[in-house]
Amino acid sequence: MNPPCRDAVRAFAPASVGNIGVGFDLLGHSIDGPRDVAIVRRIDDPSVRIDAIRGEVTGAEMLPLQPALNTAGRALQCLRDTLGLPYGFAVELEKGIPVGSGLGGSAASCVAALVAANALLDTPLPRASLYPFALDGESLSSGSRTGDNVAPMLLGGVVMATATRMIGLAVPDWLHCVVVHPEQVLETRRARAVLAEPVALPLVVAQSAHLALFLTGLQRGDAELIREGLHDLLVEPRRAPLIPGFAAVKAAALDQRALGASISGGGPSVFAWFASRADAEAAAPAMRSAFNDAGFGAQAHVSPVAGPRADVLAGASVDETLPRAARA
């Protein structure tokens with residue numbers, strides 16, 4: 001084998017909107033906004049270790065350094081074990097996505113680490129081959145192997161994520177979103193717990209119709225079909241009570257010409273889709289103010305729905321990005 005051209009890589013993964021309301025555990029899209037960064041070093045010892053987790057975002061200090069308990073560490077362990085690598089990886093995480101925000105923070109850590117580690121392989125894998133390892137890592141946080149966050153981070157844009165496939169979907173370039181993150185924390189496992197009760201068959205049929213309309217609207221670039229389909233009948237009604245201010249934020253978005261709005265991932269962030277960037281930018285202050293009125297500070301992010309994919313960061317060397325103490 002040829003030796004790798006470098007022994008350390010820095011990569012990022014963007015935040016994401018999981019579910020997109022109507023596509024529970026199936027659909028997601030990345031956004032141009034908060035991001036996590038992973039610095040991965042190739043080491044001689046055939047193991048994975050996490051050397052540091054940095055970040056000023058909510059909850060970063062609570063994340064475990066034990067690789068088997070960390071989404072990034074677990075993903076790299078599975079990558080190393082599956083490929084039978086004779087070497088290992090040391091990881092440092094720079095958290096830019098708040099924990100428990102509904103923006104895919106746990107997914108972003110493992111995707112950024114995988115993309116960086118993949119660049120250190122003697123023969124890097126295609127993106128599709130990274131998907132199972134991302135699912136391995138994300139399952140630590142969500143409790144299930146769902147790809148609606150990791151898949152759009154790996155591919156960018158809107159992605160359909162099944163147990164075995166990532167399928168990128170057509171996205172009109174005029175589609176934009178607003179994602180508002182309040183100063184609340186809602187753990188993914190708690191958000192899933194409220195979904196334990198069975199669902200009536202008529203609701204499933206109606207939700208399936210909404211999903212079909214939504215996907216057809218994306219494929220045709222038809223805003224009215226997207227509007228008609230972007231209604232979540234299954235999950236939103238159960239999770240909305242966990243998010244103080246949600247109803248007012250959604251109403252503010254719809255009042256400002258949103259095609260639809262719902263909960264981002266497990267919450268508490270709220271997203272809305274718009275037919276233009278101008279509409280999205282006009283709605284962002286109203287959505288943020290609705291959370292403010294409910295007693296919570298909030299940040300709003302405006303992004304194309306076809307957001308970026310995770311990638312290696314070029315430019316500065318890895319050593320230039322680290323504090324002096326971390327370079328030793």
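Quick notes on this structure:
- The residues on offer are A90, A38, A75, and the sole one that is in a strand (DSSP E or B), crowded, with 23+ Cβ neighbours inside 10 Å and touching an Asp or Glu at 6+ places or on another chain (Cβ under 8 Å) is A38.
- Among the residues listed as I97, I167, the single one being under 30 Å from Q256 (Cβ atoms) and either not acidic (D, E) or not in a helix (DSSP H, G or I) (or both): I97
- Residue among L233, L218 that is under 19 Å from A306 (Cβ atoms) and of a type outside the set (S, T, Y): L218
- Every test in (1) out of contact with any Pro (no Cβ under 8 Å at 6 or more places or on another chain); (2) closer than 25 Å to T123 by Cα; (3) surrounded by fewer than 19 Cβ atoms within 10 Å (Cβ to Cβ) is passed by L85 save one, and that test is (1).
- Residue count for region 243-286, restricted to those that are farther than 22 Å from D148 by Cβ and either free of Cβ contacts under 8 Å to residues at least 24 places away in the same chain or touching a strand residue (DSSP E or B) at 6+ places or on another chain (Cβ under 9 Å) (or both): 18.
- Residues that are of a type outside the set (A, V, I, L, M, F, W, C) and under 19 Å from the mean Cα position of the chain (by Cα), drawn from region 248-289: S262, S264, G265, G266, G267, P268, S269
- Count of residues meeting criterion [within 22 Å of G266 (Cβ to Cβ) and either surrounded by 15 or more Cβ atoms within 10 Å (Cβ to Cβ) or in contact with a Lys or Arg (Cβ under 9 Å, 6 or more places away or on another chain) (or both)] in region 195-214: 6
- Counting residues in region 174-195 that are among the β-branched types (V, I, T) and over 18 Å from the mean Cα position of the chain (by Cα) gives one or more.
- Among the residues of region 118-164, those identified as farther than 24 Å from M62 by Cα, assigned to a helix (DSSP H, G or I) and of a type in the set (A, V, I, L, M) are A119, L120, A128, L130, A151, L154, L155.
- Exactly one residue out of D32, D44 is under 19 Å from M153 (Cβ atoms) and surrounded by fewer than 19 Cβ atoms within 10 Å (Cβ to Cβ), and it is D32.
- If you filter region 124-158 down to residues that are over 25 Å from Q219 (Cβ atoms) and among the charged types (D, E, K, R), you find that the one that is nearest to the chain's Cα centre (by Cα) is E138.
Each value in this text was obtained by applying a stated rule to the coordinates, not by laboratory testing. Worth saying up front: this structure is predicted, and the values here are computed from it rather than measured. In this analysis, Cβ positions are derived from the backbone assuming ideal geometry, glycine residues included, and neighbour counts consider all displayed protein chains.
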